[in-house]
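The block underneath contains the structure these notes are about, expressed in structure tokens.
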Amino acid sequence: MTTRVFSGVQPTGNLHLGNYLGAIVNFVKLQATHECIYCVVDLHAITVPMSVWGGPDELRRNTREVTAAFIAAGIDPKKQIIFNQSQVAGHAELTWVFNCVARLGWLNRMTQFKEKAGKDRENASIGLYDYPVLMASDILLYRATHVPVGEDQKQHLELARDIAQKFNNDFSESIASTGQNEKYFPLPEPVITGPATRVMSLRDGTKKMSKSDPSDYSRINLTDDADAIAQKIRKAKTDPEPLPSEEKGLEARPEADNLVGIYAALSGKPKADVLGEFGGAQFSGFKSNLVDLAVNKLSPIAAEMKRLTQDQAYVDQVLIDGAERANVIATETINAVKDIVGFIRKR
Ligand code: AMP
Ligand code: TRP
């Protein structure tokens, strides 16, 4: 079976170390072995109130910034596809069909909706509720088989599999009669790997590092300069004990666990090796090493992002080229889905 990778990142500002280590690092790795499609999911961005996504100018700015981050991190836009979701109409079209496949009960279980909607659920947008169906459409529009994401997206991936399976079952006869493989939509597999699939806030090791945390000290942004990175790591919350020598010593020490995980992910070593090196050391010494490592790894990306965001014409052209190539694959799927469902179309 052919494999294809798809993933998305929302253009909602403050791309941070969690996005990088949880997702983008794996995007870069997978391009060596797979055909990859990476999408800036602008349709998803507008599911929260405009005061949160920032309005049209901010959306354009953030869309270009995520694109720049993909390229700066090492994704080759000539070999792989990088594009923004709204340029390929198939995402919205397939969502409608999947809205009629997915069940209310399935969506009611989505924990991210509950978190994002908060107490005032009546006032949440319908788009926020439907967010996981749009995400399933993103993946299945390209019949992608592998989806690199951070751990927080696991439940959404399970929903995408459920939708694919129900579509294949509901339309099995029609799928066969249109000459398609009985498993028209593959069941996409999450790729959640590495020592930092869930990077935590630098201020509170029990909270996820997030774009929306009001404290900038809670996260390292991909655009932070060396001074900012150093300050944030030095101020990061820790506990008074020295570092343990073995992984089980990190249990119930969320801040220590998080910093060791970040070091491991940035250095490409397992956590056990990091503890082998730093076990027994005080945090002050470990933090100085982490600052050097983080600055070494992240500063070149920040510099390249800065250069690219100044070249707006180039970045926009990457998205346009990518969308054209994505649209070829998407159109094939949309046409097949139309035939399977029974929508008449021009041939
Ligand atoms: P988002 O910015 O919500 O579009 O997320 C983009 C990608 O980053 C997704 O694959 C998320 O799972 C991943 N991600 C976001 N926050 C974190 C985090 N704190 N740790 C690890 N991965 C994360
Ligand atoms: N929901 C994902 C997030 O917040 C972003 C996303 C949208 C995505 N569509 C996707 C990720 C498809 C993987 C595949 O991180």
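The table below gives the values:
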read-out: Contour excess over end-to-end distance, with Cα ends at residue 310 and residue 2 and 0.36 nm allotted per residue; value: 107.1 nm
read-out: Restraint check, 116/269; 79/208; 78/271; 29/211; 116/338, Cα-Cα greater than 26 Å; value: 116/269; 79/208; 78/271; 116/338
read-out: Rounded to whole Hz, the Karplus (6.51, -1.76, 1.60) HN-Hα couplings of the stretch 106-122, x for glycine and proline; value: 5, 5, 4, 8, 5, 6, 5, 4, 4, 5, 6, 6, x, 6, 8, 5, 4
read-out: Residue 200 long-range amide H proximity, modeled H, under 5 Å; value: 209
read-out: Sequence of 101, 52 once ranked by neighbouring C-beta atoms within 10 Å, starting from the fewest; value: 52, 101
read-out: Volume per residue of the C-alpha convex hull in the stretch 1-97, rounded to whole Å³; value: 116 Å³
read-out: Virtual spin-label span in nm between residue 277 and residue 126, 7 Å along Cα→Cβ; value: 5.3 nm
read-out: Solvent-free Debye scattering, log10 I(q)/I(0), computed from the Cα coordinates of the stretch 125-247 at q = 0.13, 0.14, 0.16 Å⁻¹; value: -0.73, -0.79, -0.91
read-out: Packing-based exposure ordering (other Cβ within 10 Å, fewest first) of 299, 137; value: 299, 137
read-out: Computed FRET value (nearest 0.05) for residue 331 with residue 114, which takes r as the C-beta separation and R₀ as 35 Å; value: 0.45
read-out: Nitroxide proxy distance, nm - points 7 Å out along Cα→Cβ at residue 292 and residue 320; value: 4.7 nm
read-out: Cα-centred dipole magnitude for the chain, charges only on beta-carbon of K, R (+1) and D, E (-1), debye, nearest 20; value: 240 debye
read-out: Assigned charges on the beta-carbon of Lys, Arg, Asp, Glu; the stretch 188-268 dipole about Cα centre (debye); value: 220 debye
read-out: Rg [Å, one decimal], Dmax [Å, integer] - the chain, C-alpha atoms; value: 21.2, 70
read-out: The stretch 142-192: trypsin sites (Lys or Arg not before Pro) falling in loop per DSSP and having at most 14 other Cβ within 10 Å; value: 183
read-out: GluC sites (Glu not before Pro), loop per DSSP, at most 14 other Cβ atoms within 10 Å - longest free stretch of the chain; value: 1-181
read-out: FRET E, pair residue 211, residue 341, Förster distance 30 Å, beta-carbon r, rounded to 0.05; value: 0.25
read-out: Ranked list, fewest to most other Cβ atoms within 10 Å of each Cβ, for 192, 320; value: 320, 192
read-out: Helix-only CD estimate at 222 nm, as mean residue ellipticity for the chain, using -39500 (n - 2.57) per DSSP H run (n ≥ 4); value: -16500 deg cm²/dmol
read-out: For the stretch 331-343, Karplus couplings with θ = phi - 60° (6.51, -1.76, 1.60), whole Hz, Gly/Pro x; value: 5, 4, 5, 4, 4, 4, 5, 4, 5, 5, 6, x, 8
read-out: Highest-fluctuation residue, 302, 68, 124 considered, GNM on the chain with Cα pairs under 10 Å; value: 124
read-out: For the chain, share of DSSP beta bridges that run antiparallel, in % to the nearest 5; value: 10 percent
read-out: Compactness of the stretch 222-347, expressed as Rg and Dmax over alpha-carbon positions, Å; value: 23.5, 70
read-out: Cα→Cβ-extended label distance, 7 Å offset, between residue 234 and residue 103, nm; value: 5.7 nm
read-out: Added length on full extension, which subtracts the Cα-Cα distance from 0.36 nm per residue, residue 247 to residue 181; value: 19.1 nm
read-out: Choice from 128, 104, 187 with maximal GNM fluctuation in the chain (Cα, 10 Å cutoff); value: 104
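Readers should treat all values here as calculations from the given coordinates under stated rules, not as data from a laboratory. Everything quoted here is computed from the prediction, not taken from an experiment. Cβ coordinates were reconstructed from backbone atoms using ideal geometry, including for glycine residues, and neighbour counts include every protein chain displayed.
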